[in-house]
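Input: a single structure, listed below in structure tokens.
The values are calculated or read from the model by the stated rules, or taken from the named source; none is laboratory data. Values in this document were obtained by computation on a predicted structure and should not be read as measured data. Every residue, glycine as well, gets a Cβ built from its backbone with ideal geometry; the counts of neighbours run over all protein chains shown. The protein model used for the area step is the full one, side chains on, heavy atoms only, and it has no ligands, DNA or RNA in it. Shrake-Rupley method; radii C 1.70, N 1.55, O 1.52, S 1.80 Å.
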Amino acid sequence: MGEIDDAIERADHEAFTKAPPKTLKGQIGYLLKVLGSAKAVASEIGVTADSVNRYRRGARKHPRADVAARIDDAVRQRWQPRVRKRRRRKAATTGGITVETRARFGYTAPVGTTDDGRFRRLTVHLPPSYAQRLFDASEGGASDQQMRGIIAEGFKEVYFQDGGGRAMGLSEVEINAIDYLDLDY
């Protein structure tokens, strides 16, 4: 997963109306309920079905750190899917998406203006069409570079050109280096 996929995941997790199970027993119980069998849970988290049953019974209470991380990830990926879908649908139709980042922006500009890339810290609210494009790209398995392009295009329209009010000669904006990127919708 790339930086932007991670930011989408973090934004999804912020939408939870109820916290996911924290205990190992609770997490395994939830995965068993969702996936249906110990064998399916075992293949998802990379252990044996016997280990899953030991976790469920409480006979084994402390999995290895990598297994515990896979269990937590599996639970979070499946937790409250309707809440996530509802928030994404709202962002893609009416709400839009807010991107906060510190990154190096470079752009192609007309002769006589500077096109030197520099680090900028920006918080920009992008229209719903960009949210929809970003979600579609993420679900379609687009590369991090392709998703950066969608965000850069939104920044060009909303921030640099101010919706058509300035910098009309600006032809392309690129996000070259990202210190951090956070999404909210």
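So here's what we get for this one:
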quantity	calculated
The listed residue being in contact (Cβ under 8 Å) with a residue 24 or more places away in the chain and open to solvent by 30 Å² or more (accessible area, probe 1.4 Å), out of Arg56, Arg60	Arg56
Whichever residue in the range 122-167 is among the polar types (S, T, N, Q) and part of a loop (DSSP other than H, G, I, E, B) and, among such residues, is least open to solvent (accessible area, probe 1.4 Å)	Gln161
Test: residue in the range 74-82 that is of a type in the set (Phe, Trp, Tyr) and either at pLDDT 95 or above or more than 30 Å from Pro21 (Cα to Cα) (or both)	no
Test: residue in the range 91-104 that is assigned to a helix (DSSP H, G or I), closer than 30 Å to Gly26 by Cα and either hydroxyl-bearing (Ser, Thr, Tyr) or at pLDDT 90 or above (or both)	no
Test: residue in the range 169-181 that is at pLDDT 90 or above, in a helix (DSSP H, G or I) and surrounded by 14 or more Cβ atoms within 10 Å (Cβ to Cβ)	no
